Each structure stands twice: as structure tokens, then as C-alpha cells.
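The structure is given below, and queries will be raised subsequently.
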Amino acid sequence: MMKDQLRAVSGQIIAIGVALLMGAIIILMVGESPVRVFMTLLRGAFGDQEKIAGTLLQTTPILICGVAACIGLRGGMFNVGIEGQLFLGGFAAAWVGFAMPLPAGIHTLAALALAVVAGAAWVAIPAYFRARYNTNEVVSTILSNYVAVLLTSYFTIFLFKRPGGWSETPPILPTSYLPEIFTFSRLNWGLVIGLMLAVGAALVFRYTKWGYSVTMVGSAPKFAEYGGVNVKRQGFMVLLLSGAVGGLAGGVETLGVHHRFMEGFAPGFGFDGLIAALLANGSPVATIFTALFFGALRNGSLLLEVDTSASREIITVIQALIILSVSAQVLVRKRGDSRAGERRWKF
Amino acid sequence: MEILDRLVNVALIAATLRTTAPILLVALGGSFTTKAGIFNIGLEGQMLVGAFFAVLGSIWTGSALAGVACGVAAALVFALVFAVLVVSFKANEVVVGLALNILAGGMTISLMKAIFGTRGSIVGHGIVGLPKVQLPGARDLLGSWAPLISGFTPLVYVAFIAVPLLVLCYNRTRLGLYIRVVGEKPEAAEALGISITRVRYIASLLCGLLAGLAGAHLSLGYITMFTENMSSGRGFMAVAILIFSNGDPLKVLAGCLLFGFADAFSLRLQTFGYPSYLVLTVPYVVALVALFALSYRARPRVIAETLESMRKLLSVDKNAEPGGKSPS
């Protein structure tokens, strides 16, 4: 078993190498030096303690979104709507933050709780139709992202705009802040929440009956049904839980980083989380490392924009290439068992 | 007053046809992959690279037609990568499709910055758009109804002409038959000696061709510019249409007209001063409601299909793996 895991990890690393190579070619195509770009990324991600804290700050939402995606993937559900859940969760937390004066501590918890509820509520309809009528959840959650982004923009600009401000809500009250860990960075306890969630999810999947049945439904639904699991109910709960965690990611981002909700808040974290979870093969603990990797890329890309002529979206290209090469190479390894690879989320 | 009403209606219908065309082109492309049994969520990305490279080609060559060709070529490359990974390597189609969409978004923005030094959008720079086609005699024949058939850019006509062509293709040609067999009964196709791999490659490439045209239409016909992520979910709406139409060209057309109407109607609402953010959600909400409503309506078929597929699974399992698969 250990050997299998080692082989799986080495496979992912080879795939990342291949993807970086292809990325280098694309960087050459856009007229930059790949070495310079990669060195700048590295410097931007880990150059000094502030940069490292910044990387961890970027890692936080990716990690929480990644855990949300892991929960879905384990149960055989593609929650591609984490982005939308994040936006609604972020807005809900901000609303509690600026509109409801509460004592410190309780305020933060209340805001996070509403973020969780908002995320779960946003995925509830796609989840219901997926469970009950087998409506494709990939399409319904993707489409609901667009609605979520527009809807939160509408709330922000037409209903709760800060007077004189620029498409943002009023700032949240300091009682609802997630406390910062260091003085030199906005890095906050959200990271700890993310780590706890990842470890907690891993423990639930490994040691509880419920976690086992989720994994069973995801990998062998017929077997799970035969074993007495209510597959439909389970599917609904899995998506709901995944959406709840997605909403939490938004809440953490609002209370820990921005201290308000604004248009274009936290773009792409939902998708980064999904990619991180895919790269980690649905394992929440492995997602900690893949999220860190993507967080580093993101933070490094800020310096990229300053120091080189490449745009920061080049890291999106690299991420996509990684997923493509992982999806190809692991299947090369498994080619003997061709039917097994078909229509499963695992690579 | 009556005349005014009629004019407004004609204008709205013409606007509907205009907004329908891009989504119709991409959905008809997806019809090939759907019929061939591939769930292609990568339409969005193919459309986006099509739009970007169409603008690029048009600037480089100074010809709109060459631009369209460039856009199609780029979309075909994406379709080929999709086919290699999904058909040959049997990678998960959702993962590959999503990754290609993300790649398309990042790549177009990176290239835009590298080539034009700007973010956001490409306007001007000598982009040559597709000309509007004025059908001779339309005015005499239809009078004030002429805008319904005349004055569109060429790819609008291509989109609507493609519908009967696809119907013919599926019902009257060998390729169409093969595509349907491969999608509906792959084992039958195998037994008949049809190469599933080859048919799925062809279907993917035909899909790339139409998705590329859809992209080119978006950036050279519908408007003459390129904007970041300008496909704005049309590829995903097309996938929603494909799910409930099962890829049948006429049902695809009906679905696309519904979205085209929602789009045109929402544009009109905006001019009446409704908040644009809410109005812009209309097409997506329509897509979601249609998806949910039609899957609710389709529920008995789902059960029948499930029974069918279970039976298939059991019989295939019996032949292929006598011991049954142990849960791993």
C-alpha cells in the first residue's frame, strides 16, 4: 500500500514537471524567459517572511475551497459552484459584520455561521435536483456561479453600497474580525480553520461510518445501495456540506482579509480549490500541500506582474496544464485497466 | 400605434435571432459530441480561443475571413487535445473539459498582454469585422419585416442553415448514423466493426469546428472586439441545452431560441432602467430553470434509462468479468 502511494505521488510530481515544461514553452511564446519567470515566482512566493505570510494568506481560501471540493469528489459529486458559494458566503458574513452589532467573538462566529448557511443554501437547489432527478450537477453549479456573482454585485451596489464608496459594502465592525496571527501580515486564523477542516475531513472519511459510506457512494454507488446506504439522500447531503464549506471560505476571506464585501471579491479561489482537490486526488490532507503550491503560485504571480512583462494569468495556464498532464499520465499508468478509468473522477 | 408595436416586435425578433446565433453554433457543435456519447464541458473554452484567435487573425491578415479561419483552427487544436485525452487516454471528460476552459481563459489573457500590452479588451487595432449581408429583394418582398431575414453577419445564416444540415447528417448519412450508434450503443458499434475511437475523434473535431465559428462570430460578427472571458458562460448554457435536448438539432434550435430571446429581452430590459446586474442574470436563470424543469419532466425516462444501463452493465459484467468486480 505504501508502495502504491509512493508511486501515485511520484506520478503527480512527474506530471507537474511535464506541465512546468509546457508552461516554459508558453512563456517563451509570450516573449519572456522561463527561468526569469520561475525565479520571480519563487522569490515572490517565499522571498522573505512577509512573502511567506502572503503565500499562506493566499493558500487559506484555496485550502478551504479545496476541502469543499474534496467532500464533493469523495461522494462522487462535482461541485463546480464553489466560486458562487464563496461569493454568497463572503457577502453573508459581511452583512452580519456591518449590520449587526454583537460582542466580539460571538460576532465572528455568527458571521461565519451565516456564511456557512448561505453557501449551503446556494447549492441546495442544484443538490436537490441532482439527488432526486439526476440533473447534471456540473452544469447547474457552473451556471449558478454566474448568478451568484451578479447577485452579490447587485446587493453590494444597489442595496448596501457604502455612501461615497466604490462598489463595496460598509466596512465590517472590528468585533467581527478574524484575528491576525502576525503584526506584519494580514495572515489570520482563517488558515488554522482551513487546516483543522482538512484534518477533520480526513478523519471523518477515515474513521466514521458516515465518511466511509460517502466514499462508498462516490466510488461504487451500486455497492453502497446494496449495503443499505440511501444514495440519493447521501448525495444531497454531500453537496450541501460541500457548499457549506465553500460558503465558509467566503466568510473567512471577508472577516480575515477584506473586512468588507466588494465587487470582484476573491476571484478564482473556488476554481483553484477544485483544481487543488483534483490534484490531491480528493484527499483533504494532500489538499493542504496542493493548496500551498497554488497559493505560492498566486502570491508569486503578484511580483511577476511587477518584475516581468508576463501577465499573472500565466499561472492559470500552468495550473490547467498540470491538471491536463495529471489526467493523461496517471491513465497511461492504468491503461491495462481501461474500463476502470472511464467516467470516474479519479485520475 | 399599431405600426410602432409591430416594429418593436420585429426588432425584438431580429435581436433574438442575433443573440441566438452564437449559442446555436456552439450548441450544434456540442450536438456532435453529445450524440457520440461524450459529455463536453469544454465548449466554453473552445469558443473563447476561437473568439481570440479570430480577432488576432483578422488583425494580422486584414481579412475577416482569414480571421474566422484562425479562430476555427485554434478551436480545433483545443478539440483535438480534448479528444486525445478523453478518447485515447480515457481521462475524465469533466476534468479535462474544465481544465481546458481554465487554460483558454488564462492563455487568452496572457497572450493579450504579451501582444497588445493591455488587459481587459482589444478594440480597434485594425480588427476587420464580418460585413452585414443585405439580401437583395428582401425589402420589396417583406417590407418592414425585412430585418428578419436580411442584414445579419454571415455566420448568423450559417448557424441557422446548419440546423437542417445536422438533421440530414444524422438521418441520412453514414457518418451521422455511426455517430449515433457509437453514442447510443457502443457495444453494437464495436460488433459492427465501427471504430469508436475514430468516430469520437471526428465528432470532437466537428464540434471544435462549430465552436470555433461560434467564437469567431462573437468577436467579429456579433461585436467587433475581444474581451476577457467574452464567451461569458454561453458554452455552459449550450451544455445545459444539450442535456435536455439530447443533442437533437431541432430541439437544440428551440432551446437556443429560448436563450436568445432571454438574452435579447434582458438587453431590452436594461434600456428601461432595471438594474443591469439583475437583468444580466436572466439568461443564466432561464438556463437553470429549464434544466431543472426538464429534468423533472424527464424523470420516468431516467428510470427507464437506469434500468436499461443496469441491465447492460450486468450483462457486460457477466461476459467480461465472471467473478464480478470486487469493491476496492
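The values are calculated or read from the model by the stated rules, or taken from the named source; none is laboratory data. These numbers were taken from a predicted model, which means no experiment stands behind them. In this analysis, Cβ positions are derived from the backbone assuming ideal geometry, glycine residues included, and neighbour counts consider all displayed protein chains.
Can you find a residue that is within 7 Å of chain A (Cβ to nearest Cβ), surrounded by fewer than 24 Cβ atoms within 10 Å (Cβ to Cβ) and under 24 Å from B:ILE41 (Cα atoms) anywhere in region B:113-132?
No: zero hits.
Which one of A:THR141, A:THR152, A:THR156 is touching a strand residue (DSSP E or B) at 6+ places or on another chain (Cβ under 8 Å), in a helix (DSSP H, G or I) and either charged (D, E, K, R) or in contact (Cβ under 8 Å) with a residue 40 or more places away in the chain (or both)?
Exactly one residue qualifies, and that residue is A:THR156.
Report the residue count in region A:244-294 for those that are crowded, with 24+ Cβ neighbours inside 10 Å and out of contact with any helix residue (DSSP H, G or I) (no Cβ under 7 Å at 6 or more places or on another chain).
Within region A:244-294, residues that are crowded, with 24+ Cβ neighbours inside 10 Å and out of contact with any helix residue (DSSP H, G or I) (no Cβ under 7 Å at 6 or more places or on another chain) number 0.
Also, I was wondering about something else. Can B:ALA51 be described as more than 9 Å from every other protein chain (Cβ to nearest Cβ), under 21 Å from A:ALA24 (Cα atoms) and of a type outside the set (Lys, Arg)?
Taking the combined requirement at face value, the residue does not satisfy it.
Find the residue count for region A:19-55, including only residues that are closer than 17 Å to A:VAL306 by Cβ, away from chain B (no Cβ under 14 Å) and of a type in the set (Val, Ile, Thr).
So the count comes out to 2.
Results for (1) within 9 Å of chain B (Cβ to nearest Cβ); (2) in a helix (DSSP H, G or I); (3) at pLDDT 85 or above, shown as yes or no for each residue.
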residue	(1), (2), (3)
A:LEU304	no, yes, yes
A:GLN319	yes, yes, yes
A:ILE323	yes, yes, yes
A:GLN329	yes, yes, no
A:ARG335	yes, no, no
A:TRP345	yes, no, no
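Still on this structure, I have one more. I'm told A:SER309 meets every condition in (1) surrounded by 22 or more Cβ atoms within 10 Å (Cβ to Cβ); (2) touching a residue at least 60 places away in the same chain (Cβ under 8 Å); (3) within 12 Å of chain B (Cβ to nearest Cβ); (4) polar (S, T, N, Q) except one. Can you identify the failing condition by its number?
Result: A:SER309 fails condition (1) only.
For A:THR175, indicate whether it is polar (S, T, N, Q), surrounded by fewer than 18 Cβ atoms within 10 Å (Cβ to Cβ) and assigned to a helix (DSSP H, G or I). Reasoning before the result, please.
Working: polar (S, T, N, Q): yes; surrounded by fewer than 18 Cβ atoms within 10 Å (Cβ to Cβ): yes; assigned to a helix (DSSP H, G or I): yes.
Yes: the conditions hold for A:THR175.
Based on this model, can you work out whether A:THR135 counts as under 22 Å from A:GLN234 (Cα atoms) and buried (at least 24 other Cβ atoms within 10 Å of the Cβ)?
Details: under 22 Å from A:GLN234 (Cα atoms): yes; buried (at least 24 other Cβ atoms within 10 Å of the Cβ): yes.
Against the criterion (under 22 Å from A:GLN234 (Cα atoms) and buried (at least 24 other Cβ atoms within 10 Å of the Cβ)), A:THR135 qualifies.
Being away from chain B (no Cβ under 14 Å) and within 21 Å of the chain's Cα centre (by Cα) is the filter here, so list the residues in region A:110-155 that pass it.
Listed by number, the residues that qualify are A:ALA111, A:LEU112, A:ALA113, A:LEU114, A:ALA115, A:VAL116, A:VAL117, A:ALA118, A:GLY119, A:ALA120, A:ALA121.
Which ones in region A:9-58 are among the β-branched types (Val, Ile, Thr), part of a helix (DSSP H, G or I) and touching a residue at least 24 places away in the same chain (Cβ under 8 Å)?
Those that are among the β-branched types (Val, Ile, Thr), part of a helix (DSSP H, G or I) and touching a residue at least 24 places away in the same chain (Cβ under 8 Å): A:ILE14, A:ILE16, A:VAL18, A:ILE26, A:ILE27, A:VAL37, A:THR40, A:THR55.
For region A:59-105, what are the residues that are surrounded by 24 or more Cβ atoms within 10 Å (Cβ to Cβ) and part of a loop (DSSP other than H, G, I, E, B)?
Across region A:59-105, the qualifying residues are A:GLY75, A:MET77, A:PHE78, A:ASN79, A:VAL80, A:GLY81.
Test B:LEU76 against the criterion of being more than 13 Å from every other protein chain (Cβ to nearest Cβ), in contact (Cβ under 8 Å) with a residue 40 or more places away in the chain and of a type outside the set (S, T, N, Q), and give yes or no. Don't jump to the end; show me each part of the working.
Details: more than 13 Å from every other protein chain (Cβ to nearest Cβ): yes; in contact (Cβ under 8 Å) with a residue 40 or more places away in the chain: yes; of a type outside the set (S, T, N, Q): yes.
The answer is yes for B:LEU76.
Turning to a different aspect of this structure: Taking the stated definitions as given, is B:ALA91 crowded, with 24+ Cβ neighbours inside 10 Å, free of Cβ contacts under 8 Å to residues at least 12 places away in the same chain and touching a Ser or Thr at 6+ places or on another chain (Cβ under 6 Å)?
Considered against the rule, which asks whether it is crowded, with 24+ Cβ neighbours inside 10 Å, free of Cβ contacts under 8 Å to residues at least 12 places away in the same chain and touching a Ser or Thr at 6+ places or on another chain (Cβ under 6 Å), B:ALA91 comes out as yes.
Quick one: A:PHE289 ticks every box in (1) under 14 Å from the mean Cα position of the chain (by Cα); (2) in contact (Cβ under 8 Å) with a residue 12 or more places away in the chain bar one, so which box is it?
Of everything listed in (1) under 14 Å from the mean Cα position of the chain (by Cα); (2) in contact (Cβ under 8 Å) with a residue 12 or more places away in the chain, A:PHE289 misses just condition (2).
Here's something else I'd like to know. Run A:LEU159 past the list (1) within 14 Å of chain B (Cβ to nearest Cβ); (2) closer than 24 Å to A:PHE91 by Cβ; (3) under 21 Å from the mean Cα position of the chain (by Cα) and report the number of the one that doesn't hold.
(3)
For (1) modelled with pLDDT under 85; (2) farther than 30 Å from B:ALA36 by Cα; (3) within 14 Å of chain A (Cβ to nearest Cβ), each residue gets a yes or a no:
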| residue | (1), (2), (3) |
| --- | --- |
| B:VAL96 | no, no, yes |
| B:ALA104 | no, no, yes |
| B:ILE109 | no, yes, yes |
| B:GLY137 | yes, yes, no |
| B:ILE161 | no, no, no |
| B:ALA189 | no, no, no |
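Residues that are within 21 Å of A:TYR128 (Cβ to Cβ): which helices (runs of 4 or more DSSP H) entirely in region A:215-286 hold 3 or more of them?
Per the criteria, A:221-226, A:231-253.
Can you tell me which residue is farthest from A:LEU86 (Cα to Cα) among those in region A:226-252 that are in contact with a Leu (Cβ under 7 Å, 6 or more places away or on another chain) and not hydrophobic (A, V, I, L, M, F, W, C)?
The extreme case among them is A:GLY251.
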